[in-house]
Amino acid sequence: MLTTFISNMKNMQYSELIFNNISDMIFLVSADEDGSFRYITANQNAIDTLHFPGDFRGKKIFDLMPSQSAEIITQKYQEALQNKETITYQSQMELPTSNRDLHKRYSSLESKVTPIFNSKGECEHIISVTRDVTAWIEHENQLKQVKEQMDLMFNNAADAVFMFDHHANYTSVNPGFSKLLGWKEEELTHNSSISILPNTENDFPEILAQLRNGNVIQNHHSKRVTKKGKTIDVLASYSPIMEGNELVGGVAMYKDITEIKRMEDRLRESEERYRLIANHTNDLIRVIDLDGIIQYASPSHEPLLGLPSDFYIGKSVASFVHKDDIDKVQRFWKQIAETGESFETEHRLFHKNGDIIWGNTKGTPVLGSDGNVEQIVVVIRDVSTRKHREDELRSMAMHDQLTGLPNRRLLYQQLHNEIENVKRTNKQFTVLTMDCDNFKHINDNYGHDIGDEIIKGFGQRIHGNLKETDMVSRMGGDEFQAIITNLDETNDVIPIAKRILKVMEQPFKVDHHTLSITTSIGISSYKEDKSLEQLFKESDEALYKAKTIGKNTFCMYAESPYSTPKKWSKIKRLFNKL
């Protein structure tokens, strides 16, 4: 009996730890006969976020929440009761304030409301899982602005993407669409009677009506039918293509969430003990011992990592962690075990198929009756999308869109690194400024499209004749700059300059045109205490001299000055933008 009691107490402790360490806000609510609702309990994140008082249990929603927010929440709870089904909604809400808050607080919240009925059909409780999606929405808007400048990565998207006209006829589908739904583009464009809509749940007329009003539809859960007749679950997004106020077409993206939906159903059927909590989160939950061995793994491991939860039992917490993050993960759980305090970190895990998943990991110690750490509860949230989007934005900010080469900002950073490297190694580096001789003639006679192709080829040839440690950057127009590093003496750059001149002698073939161009190169070398501004000015003056002595050559900066005010003015403006 004592052993059973102790075991039950530990289970309750684990349950409470898991409940209070889930990053979503979770509420358990009862329904009164007058249509109002009272809080029974809430997890710690909800209490902290909403500044609930210690005696919040048993109080009505209108007692704790601002009236407008309480009205929305009550309406949604009543809707779930009337329909006797789970509903999900998003809303901008005012949040309760503390004594330290000087202004009202607002957040965009997404809530999943599930009524719990007994065998008599009476609602005993309502469980609500709420997530603050403010940052997510803002991030989505920022990424959308960036993506509007790019091709929708149509053919490279792993998800199903298709385009349609104002009559809802297919105009184009990507390979991901054919892989998911089975239909090829030529089949769909030549036979308008083909449909992927189920007979019982045709939501597309309403979607088309919203698109005609210019509305963008995001994260719309739908069911679709494949060519083989299989019904799948998709998360759909639609964007209208408008001309004035008229819809001329649209772009749609489908993400297959069939397996996720299947796993959710399976979890609801198999999990009894923690079904009100575990079934409503996609986070990974683990319990590890003081040796870093996993003793419990939540069922959410399979949809996220591709392997069943039982596979992880008995394995090290560092299993399937990226090799560069193993030390970080081991320090993470050892720090918790040694200090008895909670810690948080981010690291990479491997999916079964080899894909890398970024996880935000929070660990909380389980203390025994003696106050010592016995086990650690770990909650891992998938933040891969945020990480990938941050990488995309970082890369776009550092590279030229036309050539894909580094831009001025990245070149400027590299120059600072090379200055520090000179101090450590006593090696030298030089800056090359170069452009296409008579490039205006190409643009004027062949057009800017041909000119752009020449610019791209020009940059590629320069890049192909540099060392791996060197860097070439497009400064704008037909002007490029390169950093030549690890030189024993300045004259070591001469063979590189000659190679660049030589490779430009090969004609450029663009479409049906064969064009010959040359380049002029100005070279300046870094000396101690020389500013970057002076370095750029010297290479530009050397380029000017190379132009004046006949072009198709290089010139190294000499200490004797010669005036190039107009040309240097342009370079100085570019420098000031760094």
Notebook entry, point to check: In straight Cα distance, which aspartates and glutamates are under 15 Å from Lys509, not counting same-chain residues fewer than 8 positions off?
Noted result: Asp449, Asp452, Glu453
Notebook entry, point to check: Going toward the positive end of the dipole of the stretch 21-124, with +1 on Lys and Arg Cβ and -1 on Asp and Glu Cβ, which of Ala31, Asn83, Phe56 do you reach last?
Noted result: Phe56
Item checked: Ellipsoid equivalent to the stretch 81-196 - semi-axes via the Cα gyration tensor, in Å -> 40, 26, 11
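Probe of 1.4 angstrom, ligands and nucleic acids ignored: what's the accessible area per residue over the chain, in square angstrom? Kindly include the intermediate steps, with their values, before the conclusion.
Details: 31410 Å² over 578 residues.
Roughly 54 Å² per residue, with all protein chains present.
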Item checked: Longest segment of the chain lacking GluC sites (Glu not before Pro) that sit in a DSSP loop with at most 14 other Cβ atoms within 10 Å -> 342-467
Next item on the list: Can you tell me the 0 to 90 degree angle between the C-alpha axis of helix 134-147 and the longest principal axis of the chain, rounded to 10?
Entry: 30
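If I stretch the segment between Glu206 and Arg105 completely, what's the gain in nm (0.36 nm per residue apart, minus their alpha carbon distance), one decimal? Each step should come with its number before you reach the end.
Working: separation 101, 0.36 × 101 = 36.36 nm, distance 3.43 nm.
The Glu206-Arg105 span can extend by a further 32.9 nm.
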Check: Along the charge dipole of the chain, Cβ charges K/R +1 and D/E -1, which of Asn169, Phe439, Leu95 sits furthest on the positive end?
Finding: Phe439
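Leaving out ligands, DNA and RNA, what percent of the accessible area of the stretch 407-500 is carbon and sulfur, probe 1.4 Å?
Details: 1900 of 4440 Å².
In the stretch 407-500, the share of accessible area belonging to carbon and sulfur is 43 percent.
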Next item on the list: Quote the accessible area belonging to Lys467 in square angstrom, nearest 10, computed with a 1.4 Å probe and with ligands, DNA and RNA left uncounted.
Entry: 80
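Relative to the present Cα-Cα distance, how much length would full extension add between Gln506 and Lys112 at 0.36 nm per residue of separation?
135.4 nm
Give me the dipole magnitude in Debye, nearest 20, for the stretch 298-455 about the Cα centre, with unit charges on the beta carbon: positive for Lys and Arg, negative for Asp and Glu. Walk me through the numbers on the way to the answer.
Working: 19 positive and 25 negative charges, 94 e Å.
Computed about the Cα centre, the dipole is about 460 debye.
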Next item on the list: Name the residue farthest towards the positive end of the dipole of the chain from the options Gln414, Leu247, Ile523, assuming +1 on Cβ of Lys and Arg, -1 on Cβ of Asp and Glu, about the Cα centre.
Entry: Ile523
Notebook entry, point to check: Would you list Arg131, Arg409, Arg100, Arg474 from the most to the least accessible area, probe 1.4 Å?
Noted result: Arg100, Arg409, Arg131, Arg474
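Could you rank Ser300, Ser119 by how accessible they are, 1.4 Å probe, largest area first?
On the way: Ser300 10, Ser119 125 Å².
Listed by decreasing accessible area, they come as Ser119, Ser300.
Holding the Cα-Cα limit at 29 Å, pick out from Lys527/Lys547; Lys144/Lys261; Lys323/Lys456; Lys76/Lys255 the pairs that are longer than that. Could you put the intermediate results ahead of the total?
On the way: Lys527/Lys547 25 Å; Lys144/Lys261 27 Å; Lys323/Lys456 37 Å; Lys76/Lys255 27 Å.
Violating the 29 Å Cα-Cα cut-off are Lys323/Lys456.
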Note to self: Can you tell me the length gained on complete extension of the stretch His448 to Ser531, counting 0.36 nm per residue apart and subtracting the Cα distance?
What the structure shows: 26.3 nm
Next item on the list: Write down the radius of gyration of the chain and its Dmax, each obtained from C-alpha positions, in Å.
Entry: 31.5, 100
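Relative to the Cα centre, what is the charge dipole magnitude of the stretch 89-240, using +1 at the beta carbon of each Lys and Arg, -1 at the beta carbon of each Asp and Glu, and rounding to the nearest 20 debye? Working shown, then result.
On the way: 16 positive and 19 negative charges, 53 e Å.
I would put it at about 260 debye.
Could you work out the local net charge near Asn43, counting Lys and Arg as +1, Asp and Glu as -1, over the other residues with Cβ closer than 12 Å to its Cβ?
Details: positive: none; negative: Glu16, Asp24, Asp48.
Every neighbour counted, the sum reads -3.
At a Förster distance of 30 Å, what's the computed FRET efficiency of Ala157 paired with His441, Cβ-Cβ distance as r, to 0.05? Please list the in-between numbers first.
Details: r = 40 Å, r/R0 = 1.35.
Taking R0 as 30 Å, the efficiency between Ala157 and His441 is 0.15.
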Margin query: With every atom except the alpha carbons ignored, what do you get for Rg and Dmax of the stretch 288-347, in angstroms?
Written below: 11.9, 33
Note to self: Can you compute the modelled spin-label distance between Glu16 and Ser319, with each label point 7 Å from Cα toward Cβ, in nm?
What the structure shows: 3.0
Notebook entry, point to check: Using a 1.4 Å probe on the protein chains only, how many percent of the accessible area of the stretch 60-145 belongs to carbon and sulfur?
Noted result: 43
Notebook entry, point to check: Given Lys427/Lys530; Lys427/Lys545; Lys328/Lys352, which pairs have Cα atoms separated by over 19 Å?
Noted result: Lys427/Lys545; Lys328/Lys352
Note to self: Give me the mean projected area, in nm² to one decimal, of the convex hull enclosing the Cα positions of the stretch 363-509.
What the structure shows: 14.6
Checklist line | Size of electric dipole in the chain: Cβ of Lys, Arg +1 and of Asp, Glu -1, about Cα centre, debye, nearest 20 | finding: 1240
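Pairs of Cα atoms under 8 Å, at least six residues apart: use those to get the relative contact order of the chain, whole percent. Let's see the in-between values first.
Working: 962 pairs, mean separation 37.9, N = 578.
This gives 7 percent for the chain.
The values are calculated or read from the model by the stated rules, or taken from the named source; none is laboratory data. Remember, predicted model here, so these are calculated numbers, not experimental data. As a convention, Cβ positions derive from the backbone with ideal geometry for all residues, glycine included, and neighbour counts pool all protein chains shown. Just the protein is used for accessible areas: all its heavy atoms, side chains included, with ligands, DNA and RNA removed. Shrake-Rupley method; radii C 1.70, N 1.55, O 1.52, S 1.80 Å.
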